[in-house]
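Structure first, then comments.
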Amino acid sequence: MIGPSRTGWTPAQLLEGLKQADPAFWAQHVEPHESEISLPEPLPIGKLKLRKPGEDPDELLRDRFLCRGGACMLVGPTGVGKSSLVMQMALSWGAGRPCFGLTPATTMRTLIVQAENDEGDMAEMRDGVMYGLKLPIGLARMAWENVFIINEDSRTRDGFVRVLDGILRESPFDLLVIDPLLAYLGGDASEQRDVSGFLRNMLNPLLKRHRIGLLLVHHVNKPPSNGTQKPDWQASDFAYLGSGSAEFANWARAILAIRSLGSETVYELRACKRGRRLPWCDSFGRHTSQQDIAYHRDGNTICWETPSKEALQQARPVTAESIVQDIVDWIAAGTADMKTIREAVQDLTGCSRHKAHDSIYQAVEMGAIRIQDGVDRREKLLVLTGKISPRFDAGNQNRSRRGNDGNDRPS
């Protein structure tokens with residue numbers, strides 16, 4: 001007789017128990033079918049195909065940031081507006097338009113499956129986003145025709161995935177949005193066994209079977225008691241902002257995170273995983289994996305936009321110390337010309353040329369930099385001393401406080 005332990009059977013233990021309990025049944029009904037197990041076929045490495053840009057039929061977001069069969073996870077604090085950002089992405093991509101530098105490879109047909117918002121909430125988001133995007137009539141109609149909504153708040157785990165499988169068999173889509181993840185996990189988000197079973201054994205086969213991409217919306221952990229959100233984290237550390245097991249970040253092909261800056265209107269959108277593939281640039285034209293996004297200026301409009309300079313300065317207060325840190329960051333990233341740094345300080349602070357010079361000399365007095373002559377003696381170059389370390393983001397690129405305008409630029 002098979003008696004399960006208090007900790008439960010593993011699949012291997014269960015099979016071995018069944019084999020020992022009834023060897024005759026095993027020999028007659030199981031062993032003849034063991035050879036029927038579907039095994040992946042080894043592919044010689046020389047036969048792997050790398051397609052030219054724009055020619056990959058599986059590409060959903062440009063530069064292969066997201067492809068069919070893969071998943072991107074969007075993480076952020078509760079109530080921050082993840083669902084409205086997802087709506088904005090879906091409608092933009094449905095019209096074939098980029099959304100904050102995330103560019104669709106083609107006009108995208110999206111199915112949003114959500115459990116937290118009623119019909120009125122979703123309609124408000126749709127109308128707010130459409131008002132904010134101000135699409136021409138033809139593109140607006142295209143966006144409306146390419147985004148579909150399903151409210152599902154009663155099924156989890158394999159039951160939920162079976163429902164999705166049935167829907168996708170009836171109507172094909174390019175992108176599936178699940179909002180939020182925890183509504184459908186049906187297990188302990190901190191247990192890798194529960195998380196891996198849902199992501200790898202249930203969702204992965206679904207994505208491959210229907211050749212569809214996934215945008216998975218997830219909550220972050222509760223903020224620390226000191227009121228700051230991971231203040232010492234850098235670069236790909238932010239991939240682990242999501243609540244629960246590290247398996248979420250390990251499994252996701254790409255990760256986007258909405259991070260609080262302490263402002264009620266301005267937030268940081270960070271590409272924590274595969275960010276190097278995005279055409280995001282700072283104001284010097286250097287690649288970056290973060291940009292600032294803000295709620296629409298009209299407080300009654302549910303839509304995201306690039307923040308104004310005034311809103312950004314309020315969200316990221318400029319102090320004498322922060323300017324010195326910015327100067328160090330800019331020099332570390334390869335901008336050493338004193339004139340260029342002075343103009344950057346003027347643009348950042350709105351100060352006069354004289355005050356910008358004062359900021360540079362303050363950095364000298366603090367021992368952060370020194371000034372030396374260039375090839376042309378009239379040219380002055382700024383050199384780091386090593387006393388103050390630069391801040392770097394993913395890809396060893398400089399993170400500028402000056403933000404990102406959200407427009408597509410070549411990297």
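Which pairs, out of LYS47/LYS208; LYS52/LYS273; LYS273/LYS380; LYS355/LYS380; LYS49/LYS273; LYS49/LYS208, put more than 28 Å between their alpha-carbon atoms?
LYS273/LYS380
Tell me the Kirkwood radius of region 116-182: reciprocal of the mean inverse pair distance over distinct alpha-carbon atoms, in Å.
Result for region 116-182, one decimal place: 14.0 Å.
Give the shape of region 317-397 as rounded, prolate or oblate, defined through the alpha-carbon gyration tensor: a ≥ b ≥ c are the square roots of its eigenvalues, a/c under 1.5 means rounded, and otherwise the shape is prolate if a/b is larger than b/c and oblate if not.
Rounded.
Expressed in nm to one decimal, what extension gain is obtained for the pair LEU182 and GLU321 from 0.36 nm per residue of sequence separation less their Cα-Cα distance?
Taking LEU182 through GLU321 to full extension adds about 45.9 nm, to one decimal.
If Lys and Arg each add +1 and Asp and Glu each add -1, what is the summed charge of the other residues whose beta carbon sits under 12 Å from the beta carbon of ARG297?
Net charge in that neighbourhood comes out at -3.
Work out how much length ASP153 to GLN192 would gain on full extension: take 0.36 nm times their residue separation and subtract the Cα-Cα distance, in nm to one decimal.
In short, 11.7 nm is gained.
Which ³J(HN,Hα) values in Hz, rounded to whole numbers, follow from the phi angles of region 90-104 under the Karplus curve 6.51 cos²θ - 1.76 cosθ + 1.60, where θ = phi - 60° and Gly and Pro get x?
With coefficients 6.51, -1.76 and 1.60, one gets 4, 5, 5, 5, x, 9, x, 10, x, 10, 6, x, 8, 9, x Hz.
Hey, can you grab everything whose amide H is under 5 Å from the amide H of ASP292? Only 5+ residues off in sequence or another chain; H modelled, so Pro and N-termini drop out.
Amide H neighbours of ASP292: LEU269, ASN404.
How much length, in nm to one decimal, is gained on full extension between TYR361 and PHE25, taken as 0.36 nm per residue of separation minus their Cα-Cα distance?
112.4 nm
Give me a comma-separated list of calculated 3J(HN,Hα) values for region 142-158, in order, Karplus coefficients 6.51, -1.76, 1.60 applied at θ = phi - 60°, integers in Hz, x for any Gly or Pro.
Along region 142-158, the couplings run 4, 4, 4, 6, 10, 10, 10, 10, 10, 9, 9, 10, 10, 10, 9, 6, 5 Hz.
Any read-out appearing in this document is the output of simple, stated calculations on the displayed coordinates, not a laboratory observation. This structure is a prediction, so every number in the text was calculated from the model and none was measured. All Cβ positions, glycine included, derive from the backbone under ideal geometry; neighbour counts span all protein chains shown.
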